[in-house]
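*Asks:* I am attaching a structure below and will ask some questions about it afterwards.
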Amino acid sequence: MVLPRTPSGLWWGLLGVAAFSFTVPFTKIAVTGLSPLFIGSGRAVVASVLAAFALALTRQRLPRGVQWARLAVVAAGVVIGFPLLTSFALTTTPASHGAVVIALLPAATATAAVLRGRERPPLVFWLITGLGALAAIAFAFMQSGGFGQLHSADLLLLGAVVAAAVGYAEGGLLARELGPWQTVSWALVLASPLMAVLTMLSLAQQPPSASPVQWAAFAYLGVVSMFLGFFAWYHGLAIGPMAQVSQIQLVQPVLSICWAGLLLGESLGWTTIIGGLAVILCAGAAVRVRLKPAPAPQTAPPAVPHAARSLQPAKD
(Lines give C-alpha, C1' and ligand atoms only; values in the text may rest on other atoms or scores of the structure.)
Protein backbone atom coordinates (compact mmCIF):
# COMPACT_ATOMS: atom_id res chain seq x y z
CA MET A 1 0.00 0.00 0.00
CA VAL A 2 1.32 3.42 -0.96
CA LEU A 3 0.80 6.14 1.66
CA PRO A 4 -0.30 9.56 0.42
CA ARG A 5 2.55 12.04 0.38
CA THR A 6 2.16 15.24 2.37
CA PRO A 7 2.46 18.28 0.07
CA SER A 8 5.85 19.94 0.50
CA GLY A 9 4.11 23.32 0.76
CA LEU A 10 2.73 22.33 4.16
CA TRP A 11 6.22 21.57 5.47
CA TRP A 12 7.61 24.88 4.20
CA GLY A 13 4.64 26.71 5.72
CA LEU A 14 5.13 24.92 9.03
CA LEU A 15 8.83 25.85 8.98
CA GLY A 16 7.90 29.52 8.51
CA VAL A 17 5.32 29.42 11.31
CA ALA A 18 7.82 27.70 13.62
CA ALA A 19 10.30 30.51 12.90
CA PHE A 20 7.67 33.19 13.61
CA SER A 21 6.52 31.49 16.83
CA PHE A 22 9.75 32.51 18.59
CA THR A 23 9.19 36.20 17.82
CA VAL A 24 7.14 37.05 20.92
CA PRO A 25 9.31 35.14 23.47
CA PHE A 26 12.56 36.43 21.96
CA THR A 27 11.23 39.98 21.91
CA LYS A 28 10.43 39.58 25.60
CA ILE A 29 14.02 38.44 26.20
CA ALA A 30 15.50 41.30 24.18
CA VAL A 31 13.51 44.09 25.88
CA THR A 32 15.07 43.23 29.24
CA GLY A 33 18.38 44.66 28.02
CA LEU A 34 17.58 46.74 24.94
CA SER A 35 15.14 49.58 24.41
CA PRO A 36 11.90 48.71 22.60
CA LEU A 37 12.56 51.43 20.03
CA PHE A 38 15.97 49.91 19.21
CA ILE A 39 14.51 46.41 18.94
CA GLY A 40 11.57 47.43 16.75
CA SER A 41 13.65 49.56 14.39
CA GLY A 42 17.03 47.82 14.57
CA ARG A 43 15.68 44.42 13.59
CA ALA A 44 14.18 46.01 10.47
CA VAL A 45 17.55 47.58 9.60
CA VAL A 46 19.28 44.19 9.88
CA ALA A 47 16.62 42.56 7.70
CA SER A 48 16.70 45.39 5.14
CA VAL A 49 20.46 44.92 4.61
CA LEU A 50 19.88 41.22 3.92
CA ALA A 51 16.94 42.05 1.66
CA ALA A 52 18.97 44.56 -0.35
CA PHE A 53 21.70 41.96 -0.95
CA ALA A 54 19.13 39.35 -2.01
CA LEU A 55 17.42 41.74 -4.43
CA ALA A 56 20.74 42.86 -5.91
CA LEU A 57 22.17 39.34 -6.28
CA THR A 58 19.05 38.06 -8.04
CA ARG A 59 18.71 41.25 -10.12
CA GLN A 60 15.06 41.86 -9.34
CA ARG A 61 13.29 44.52 -11.37
CA LEU A 62 12.21 47.70 -9.63
CA PRO A 63 8.55 48.10 -8.69
CA ARG A 64 6.61 50.53 -10.85
CA GLY A 65 4.13 53.32 -10.29
CA VAL A 66 1.41 52.59 -7.75
CA GLN A 67 3.28 49.49 -6.59
CA TRP A 68 5.49 51.75 -4.49
CA ALA A 69 2.44 53.13 -2.67
CA ARG A 70 1.18 49.61 -2.03
CA LEU A 71 4.63 48.61 -0.78
CA ALA A 72 4.43 51.56 1.63
CA VAL A 73 1.24 50.03 3.06
CA VAL A 74 3.01 46.68 3.51
CA ALA A 75 6.01 48.39 5.11
CA ALA A 76 3.83 50.45 7.45
CA GLY A 77 2.05 47.34 8.70
CA VAL A 78 4.64 44.56 8.72
CA VAL A 79 8.00 46.36 8.93
CA ILE A 80 7.13 49.38 11.08
CA GLY A 81 3.83 48.90 12.90
CA PHE A 82 3.93 45.32 14.15
CA PRO A 83 7.58 45.20 15.36
CA LEU A 84 7.45 48.56 17.15
CA LEU A 85 4.04 48.05 18.78
CA THR A 86 4.83 44.53 20.02
CA SER A 87 8.24 45.62 21.32
CA PHE A 88 6.72 48.41 23.43
CA ALA A 89 3.84 46.17 24.58
CA LEU A 90 6.10 43.36 25.77
CA THR A 91 8.01 45.67 28.10
CA THR A 92 5.06 45.45 30.53
CA THR A 93 3.16 42.27 29.66
CA PRO A 94 4.13 38.55 29.67
CA ALA A 95 4.92 36.86 26.38
CA SER A 96 2.13 34.30 26.85
CA HIS A 97 -0.37 37.14 27.30
CA GLY A 98 0.86 38.81 24.11
CA ALA A 99 0.64 35.53 22.19
CA VAL A 100 -3.05 35.12 23.10
CA VAL A 101 -3.98 38.61 21.88
CA ILE A 102 -1.90 38.19 18.71
CA ALA A 103 -3.75 34.89 18.09
CA LEU A 104 -6.45 37.11 16.61
CA LEU A 105 -4.14 37.81 13.65
CA PRO A 106 -5.34 35.03 11.27
CA ALA A 107 -8.96 36.16 11.53
CA ALA A 108 -7.93 39.82 11.28
CA THR A 109 -5.88 39.05 8.16
CA ALA A 110 -8.83 37.22 6.62
CA THR A 111 -11.05 40.24 7.37
CA ALA A 112 -8.56 42.66 5.84
CA ALA A 113 -8.29 40.45 2.75
CA VAL A 114 -12.09 40.36 2.46
CA LEU A 115 -12.34 44.15 2.65
CA ARG A 116 -9.37 44.75 0.33
CA GLY A 117 -10.52 42.19 -2.21
CA ARG A 118 -14.16 43.38 -2.02
CA GLU A 119 -15.35 39.89 -1.27
CA ARG A 120 -18.82 39.11 0.06
CA PRO A 121 -18.43 36.36 2.65
CA PRO A 122 -21.50 34.90 4.40
CA LEU A 123 -22.86 36.40 7.59
CA VAL A 124 -21.38 33.56 9.64
CA PHE A 125 -17.87 34.81 8.76
CA TRP A 126 -18.54 38.19 10.38
CA LEU A 127 -20.22 36.58 13.39
CA ILE A 128 -17.28 34.24 14.04
CA THR A 129 -14.72 36.99 13.48
CA GLY A 130 -16.57 39.28 15.88
CA LEU A 131 -16.75 36.48 18.44
CA GLY A 132 -13.01 35.95 18.17
CA ALA A 133 -12.36 39.66 18.66
CA LEU A 134 -14.62 39.69 21.73
CA ALA A 135 -12.79 36.64 23.11
CA ALA A 136 -9.41 38.35 22.71
CA ILE A 137 -10.64 41.60 24.29
CA ALA A 138 -12.36 39.75 27.15
CA PHE A 139 -9.13 37.85 27.84
CA ALA A 140 -7.17 41.11 27.89
CA PHE A 141 -9.69 42.64 30.33
CA MET A 142 -9.53 39.64 32.70
CA GLN A 143 -5.74 39.64 32.69
CA SER A 144 -5.74 43.38 33.37
CA GLY A 145 -7.82 43.03 36.53
CA GLY A 146 -11.38 43.34 35.26
CA PHE A 147 -13.52 45.20 32.76
CA GLY A 148 -12.70 48.86 32.42
CA GLN A 149 -9.04 48.26 33.26
CA LEU A 150 -7.56 47.49 29.86
CA HIS A 151 -3.83 48.17 29.95
CA SER A 152 -2.03 50.25 27.34
CA ALA A 153 -0.02 47.15 26.39
CA ASP A 154 -3.23 45.45 25.25
CA LEU A 155 -4.10 48.42 23.07
CA LEU A 156 -0.61 48.25 21.55
CA LEU A 157 -1.04 44.52 20.87
CA LEU A 158 -4.43 45.05 19.23
CA GLY A 159 -2.90 47.84 17.15
CA ALA A 160 -0.11 45.46 16.12
CA VAL A 161 -2.70 42.91 15.01
CA VAL A 162 -4.49 45.49 12.84
CA ALA A 163 -1.21 46.75 11.36
CA ALA A 164 0.02 43.26 10.50
CA ALA A 165 -3.36 42.21 9.08
CA VAL A 166 -3.44 45.16 6.68
CA GLY A 167 0.19 44.58 5.70
CA TYR A 168 -0.34 40.85 5.12
CA ALA A 169 -3.50 41.39 3.06
CA GLU A 170 -1.94 44.03 0.82
CA GLY A 171 1.29 42.05 0.59
CA GLY A 172 -0.60 38.94 -0.45
CA LEU A 173 -2.16 40.80 -3.37
CA LEU A 174 1.08 42.52 -4.34
CA ALA A 175 3.00 39.24 -4.18
CA ARG A 176 1.09 38.09 -7.26
CA GLU A 177 2.81 40.88 -9.22
CA LEU A 178 6.28 41.17 -7.66
CA GLY A 179 6.75 37.72 -6.16
CA PRO A 180 6.30 36.64 -2.51
CA TRP A 181 9.73 37.20 -0.94
CA GLN A 182 10.44 40.09 -3.29
CA THR A 183 7.43 41.97 -1.86
CA VAL A 184 8.71 41.65 1.70
CA SER A 185 12.25 42.56 0.62
CA TRP A 186 11.15 45.70 -1.23
CA ALA A 187 9.02 46.72 1.76
CA LEU A 188 12.05 46.34 4.02
CA VAL A 189 14.22 48.42 1.69
CA LEU A 190 11.53 51.09 1.39
CA ALA A 191 11.24 51.44 5.18
CA SER A 192 14.99 51.26 5.82
CA PRO A 193 15.71 55.06 5.85
CA LEU A 194 13.07 55.71 8.52
CA MET A 195 14.08 52.66 10.57
CA ALA A 196 17.75 53.65 10.37
CA VAL A 197 16.93 57.11 11.76
CA LEU A 198 14.87 55.57 14.58
CA THR A 199 17.71 53.17 15.36
CA MET A 200 20.22 56.01 15.64
CA LEU A 201 17.77 57.97 17.80
CA SER A 202 17.33 55.01 20.15
CA LEU A 203 21.11 54.58 20.43
CA ALA A 204 21.50 58.24 21.37
CA GLN A 205 18.74 58.07 23.98
CA GLN A 206 19.71 54.74 25.54
CA PRO A 207 23.01 53.09 24.62
CA PRO A 208 22.51 49.30 24.57
CA SER A 209 23.91 47.28 27.46
CA ALA A 210 22.62 43.80 26.74
CA SER A 211 23.90 40.35 27.60
CA PRO A 212 24.99 37.86 24.92
CA VAL A 213 21.64 36.07 25.26
CA GLN A 214 19.73 39.29 24.69
CA TRP A 215 21.87 40.15 21.65
CA ALA A 216 21.27 36.64 20.30
CA ALA A 217 17.52 37.15 20.70
CA PHE A 218 17.77 40.46 18.83
CA ALA A 219 19.79 38.82 16.05
CA TYR A 220 17.11 36.16 15.67
CA LEU A 221 14.42 38.84 15.35
CA GLY A 222 16.35 40.61 12.59
CA VAL A 223 17.61 37.64 10.60
CA VAL A 224 14.86 35.05 11.03
CA SER A 225 11.63 36.75 12.16
CA MET A 226 11.95 39.67 9.75
CA PHE A 227 13.63 37.95 6.80
CA LEU A 228 14.34 34.20 6.52
CA GLY A 229 11.03 33.21 8.07
CA PHE A 230 9.20 34.99 5.25
CA PHE A 231 11.18 32.98 2.69
CA ALA A 232 9.89 29.68 4.08
CA TRP A 233 6.36 30.98 4.70
CA TYR A 234 5.81 32.50 1.26
CA HIS A 235 7.57 29.59 -0.45
CA GLY A 236 5.08 27.25 1.20
CA LEU A 237 2.18 29.42 0.06
CA ALA A 238 3.55 29.42 -3.48
CA ILE A 239 3.79 25.61 -3.57
CA GLY A 240 0.38 25.24 -1.96
CA PRO A 241 -2.28 24.22 -1.64
CA MET A 242 -2.59 27.81 -0.40
CA ALA A 243 -5.90 27.26 1.42
CA GLN A 244 -4.35 24.56 3.59
CA VAL A 245 -0.95 26.18 4.07
CA SER A 246 -2.47 29.49 5.22
CA GLN A 247 -4.32 27.75 8.06
CA ILE A 248 -1.03 26.52 9.56
CA GLN A 249 -0.68 30.07 10.93
CA LEU A 250 -3.21 29.04 13.60
CA VAL A 251 -0.49 26.87 15.18
CA GLN A 252 1.74 29.91 15.79
CA PRO A 253 0.12 31.25 19.00
CA VAL A 254 0.05 27.75 20.50
CA LEU A 255 3.80 27.40 19.89
CA SER A 256 4.48 30.92 21.19
CA ILE A 257 2.64 30.18 24.44
CA CYS A 258 4.61 26.93 24.84
CA TRP A 259 7.93 28.71 24.20
CA ALA A 260 6.97 31.37 26.77
CA GLY A 261 6.53 28.64 29.37
CA LEU A 262 9.66 26.70 28.44
CA LEU A 263 12.11 29.53 27.73
CA LEU A 264 10.85 32.24 30.06
CA GLY A 265 9.38 30.11 32.83
CA GLU A 266 6.04 31.89 32.63
CA SER A 267 3.22 30.10 34.42
CA LEU A 268 0.34 29.25 32.12
CA GLY A 269 -2.90 29.67 34.07
CA TRP A 270 -6.31 28.43 33.03
CA THR A 271 -7.29 31.88 31.78
CA THR A 272 -4.34 31.87 29.38
CA ILE A 273 -5.09 28.35 28.13
CA ILE A 274 -8.85 28.88 27.75
CA GLY A 275 -8.44 32.35 26.27
CA GLY A 276 -5.89 31.12 23.76
CA LEU A 277 -8.05 28.17 22.70
CA ALA A 278 -11.12 30.38 22.30
CA VAL A 279 -9.32 32.91 20.10
CA ILE A 280 -7.58 30.21 18.03
CA LEU A 281 -10.82 28.25 17.45
CA CYS A 282 -12.66 31.41 16.35
CA ALA A 283 -9.79 32.39 14.05
CA GLY A 284 -9.69 28.92 12.54
CA ALA A 285 -13.44 28.89 11.93
CA ALA A 286 -13.34 32.35 10.33
CA VAL A 287 -10.48 31.37 8.02
CA ARG A 288 -12.24 28.15 7.00
CA VAL A 289 -15.48 30.00 6.25
CA ARG A 290 -13.66 32.51 4.04
CA LEU A 291 -11.69 29.80 2.23
CA LYS A 292 -14.79 27.72 1.49
CA PRO A 293 -15.63 28.23 -2.18
CA ALA A 294 -19.01 29.68 -2.97
CA PRO A 295 -21.39 27.31 -4.80
CA ALA A 296 -21.52 27.81 -8.53
CA PRO A 297 -24.75 29.43 -9.71
CA GLN A 298 -27.24 27.11 -11.39
CA THR A 299 -27.51 28.04 -15.03
CA ALA A 300 -30.52 26.95 -17.02
CA PRO A 301 -29.87 25.23 -20.38
CA PRO A 302 -30.18 27.62 -23.30
CA ALA A 303 -33.61 27.71 -24.83
CA VAL A 304 -33.93 26.38 -28.35
CA PRO A 305 -35.84 28.71 -30.68
CA HIS A 306 -39.09 27.36 -32.11
CA ALA A 307 -37.74 27.58 -35.67
CA ALA A 308 -34.69 25.58 -34.73
CA ARG A 309 -36.81 22.94 -32.96
CA SER A 310 -38.80 22.44 -36.14
CA LEU A 311 -35.62 21.64 -38.06
CA GLN A 312 -34.44 19.01 -35.60
CA PRO A 313 -34.89 15.38 -36.75
CA ALA A 314 -37.60 13.46 -35.02
CA LYS A 315 -36.51 10.71 -32.61
CA ASP A 316 -37.61 7.16 -33.24
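*Asks:* List the number of the failed condition for Thr129; all other conditions in (1) surrounded by fewer than 17 Cβ atoms within 10 Å (Cβ to Cβ); (2) modelled with pLDDT under 80 hold.
*Replies:* (1)
*Asks:* Restricted to the range 66-78, and to residues that are among the aliphatic types (A, V, I, L, M) and farther than 16 Å from Thr109 by Cβ, which residue is surrounded by the most Cβ atoms within 10 Å (Cβ to Cβ)?
*Replies:* Residues of the range 66-78 among the aliphatic types (A, V, I, L, M): 66, 69, 71-76, 78.
Still in the running and farther than 16 Å from Thr109 by Cβ: 66, 69, 71-72, 75.
On the way: Val66: 8, Ala69: 10, Leu71: 24, Ala72: 16, Ala75: 26.
Going through the qualifying residues, I end up with Ala75.
*Asks:* Report the residue count in the range 142-170 for those that are modelled with pLDDT of 85 or more, within 16 Å of Ala76 (Cβ to Cβ) and either of a type outside the set (Val, Ile, Thr) or in contact with a His (Cβ under 6 Å, 6 or more places away or on another chain) (or both). Break it down stepwise before answering.
*Replies:* Just the residues of the range 142-170 that are modelled with pLDDT of 85 or more, to begin with: 155-167, 170.
Next cut, within 16 Å of Ala76 (Cβ to Cβ) only: 156, 159-167, 170.
From what is left, the residues that are either of a type outside the set (Val, Ile, Thr) or in contact with a His (Cβ under 6 Å, 6 or more places away or on another chain) (or both) are 156, 159-160, 163-165, 167, 170.
Of the residues in the range 142-170, 8 are modelled with pLDDT of 85 or more, within 16 Å of Ala76 (Cβ to Cβ) and either of a type outside the set (Val, Ile, Thr) or in contact with a His (Cβ under 6 Å, 6 or more places away or on another chain) (or both).
*Asks:* Oh, and also: Condition first: closer than 21 Å to Ala138 by Cα and out of contact with any helix residue (DSSP H, G or I) (no Cβ under 8 Å at 6 or more places or on another chain). Now tell me which residues in the range 250-272 satisfy that.
*Replies:* Scanning the range 250-272 gives Gly269, Trp270.
*Asks:* Quick check on this structure: which one of Ser225, Ser209, Ser267, Ser310 is surrounded by fewer than 16 Cβ atoms within 10 Å (Cβ to Cβ) and modelled with pLDDT of 80 or more?
*Replies:* On the way: Ser225 fails: surrounded by fewer than 16 Cβ atoms within 10 Å (Cβ to Cβ); Ser267 fails: modelled with pLDDT of 80 or more; Ser310 fails: modelled with pLDDT of 80 or more.
Within the list Ser225, Ser209, Ser267, Ser310, the selection yields Ser209.
*Asks:* Kindly check whether there is at least one residue in the range 251-263 that is part of a helix (DSSP H, G or I), surrounded by 15 or more Cβ atoms within 10 Å (Cβ to Cβ) and modelled with pLDDT under 75.
*Replies:* no
*Asks:* Being part of a helix (DSSP H, G or I) and either within 14 Å of the chain's Cα centre (by Cα) or within 14 Å of Ala30 (Cα to Cα) (or both) is the filter here; which residues of the range 201-222 pass it? Before the answer, list the steps.
*Replies:* Filtering the range 201-222 for residues part of a helix (DSSP H, G or I) gives 201-205, 212-222.
Matches in the range 201-222: Pro212, Val213, Gln214, Trp215, Ala216, Ala217, Phe218, Ala219, Tyr220, Leu221, Gly222.
*Asks:* Separate question: Determine, yes or no, whether Leu84 is modelled with pLDDT under 85 and of a type outside the set (Asp, Glu). Talk me through it step by step, then tell me what you get.
*Replies:* On the way: modelled with pLDDT under 85: no; of a type outside the set (Asp, Glu): yes.
Against the criterion (modelled with pLDDT under 85 and of a type outside the set (Asp, Glu)), Leu84 does not qualify.
The values are calculated or read from the model by the stated rules, or taken from the named source; none is laboratory data. Remember, it's a predicted structure, so these values are computed and weren't measured experimentally. Every residue, glycine as well, gets a Cβ built from its backbone with ideal geometry; the counts of neighbours run over all protein chains shown.
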